[in-house]
């Protein structure tokens with residue numbers, strides 16, 4: 001059957017189609033009016049995923065895709081929290097539903113008293129609870145009930161319980177964290193005090209206040225002693241050289257002794273040398289004029305020997321003085337060497353002290369940093385544990401609905417009208433299949449009756465013959 005045949009069948013059976021359509025619409029209307037009314041109350045909550053009261057901060061840059069994923073995960077987590085038994089049980093307690101005798105009777109009838117009454121109430125509430133999220137930071141909590149006042153009360157109770165639970169879930173961990181850090185601070189404070197005490201005791205024992213300043217002073221003194229030692233070494237070498245040269249020259253004779261600077265600088269020696277030269281000249285003259293046994297010659301020879309002995313004695317004194325000066329120079333050098341060694345040992349000792357103090361100081365600084373970090377975390381946790389608000393706020397509280405959400409009579413009637421049309425077409429179609437009539441040329445092809453002619457619908461002239469009261473047939477009905 002094509003569309004044209006269906007339309008012809010519908011035209012032939014308009015009463016059946018209308019009856020089915022009207023029956024469907026009326027039935028739907030009656031059922032919709034008899035169904036119990038359901039009211040839906042909705043509360044809107046605004047969530048800020050960024051924790052405003054947190055002092056710990058967070059990453060300042062998050063990629064857009066990752067931020068969207070985090071937002072979606074955060075909203076899903078909040079949805080799960082709203083539907084958790086922790087929140088639902090709080091709603092039951094806040095509304096006092098466990099004290100409702102009718103609810104307890106329903107529980108006895110449904111479970112026979114087996115199980116937890118509070119959990120049964122929670123399951124009943126969750127059955128009619130709906131939590132919706134979107135791309136924004138708004139969550140809508142809807143509750144369906146046959147009592148509009150109860151629907152609004154339960155929706156608002158869920159919002160309040162969720163906010164309280166969020167605050168509780170936030171405060172409890174931070175409070176435990178604060179208590180844990182408080183216990184840790186005691187040990188860290190003891191470690192810091194112990195490290196400071198060790199540093200102070202070590203400085204007191206070694207009598208060191210500022211190691212760097214004292215080390216600088218001792219290093220300067222070490223450099224100064226080193227300079228003195230170099231000077232003393234040069235002086236000792238020079239004194240030994242003068243002594244050695246003086247001995248060599250004196251061993252070569254009196255005339256060679258004139259090359260010794262100390263001899264040339266000694267006026268008494270020079271006077272003795274002059275007197276010795278005069279005495280020698282005089283002795284030479286007397287030796288030419290007098291005999292060897294002459295008293296004057298012997299007296300002159302004795303005077304010459306006396307002057308020579310005295311000159312040698314003075315020159316030996318000069319050499320002895322040089323030797324003494326060289327010995328004193330060597331002794332001074334040895335003293336400076338000893339002083340330098342002691343000073344070097346003192347500097348090394350101070351360096352060891354400084355290294356030990358540096359280790360103790362680092363221990364103090366490390367203990368101080370650990371204590372400061374723990375104190376900072378303790379303060380943050382303490383502040384966050386004392387927070388009295390969450391990042392959730394009620395955007396639109398639930399109000400008592402004036403109109404029921406179900407049944408939707410107008411929508412049901414509109415849908416029943418469409419269903420009635422479809423059902424009417426189906427009834428006409430099946431009736432036509434069981435009681436087939438010839439309504440078009442195509443229907444004659446099924447009966448195999450030859451088509452002699454096709455007449456248009458008879459339309460007589462108006463006002464002359466009048467409208468005919470019946471239809472004429474070109475041919476008798478088949479069969």
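Any read-out appearing in this document is the output of simple, stated calculations on the displayed coordinates, not a laboratory observation. Since the model is a prediction, treat every value here as computed from it, not as a measurement. All Cβ positions, glycine included, derive from the backbone under ideal geometry; neighbour counts span all protein chains shown.
Of note:
- Computed from the Cβ-Cβ distance with R0 of 51 Å, the FRET efficiency linking residue 193 to residue 227 stands at 0.65.
- For residue 172 and residue 408, the FRET efficiency from 1/(1 + (r/R0)^6), where r spans their Cβ atoms and R0 equals 51 Å, is about 0.70.
- Estimated inter-spin distance, residue 426 and residue 128, nm [label 7 Å along Cα→Cβ]: 3.3 nm
- Rg and Dmax [Cα atoms of the stretch 75-220; Å; Rg one decimal, Dmax integer]: 30.6, 101
- Along each principal axis, taking the top coordinate minus the bottom one, the Cα set of the stretch 305-382 gives 111, 13, 6 Å in descending order.
- A straight chain from residue 417 to residue 136 at 0.36 nm per residue would run longer than the Cα-Cα distance by 97.4 nm.
- Efficiency of FRET from Cβ geometry, residue 119 and residue 183, R₀ 35 Å, rounded to 0.05: 0.40
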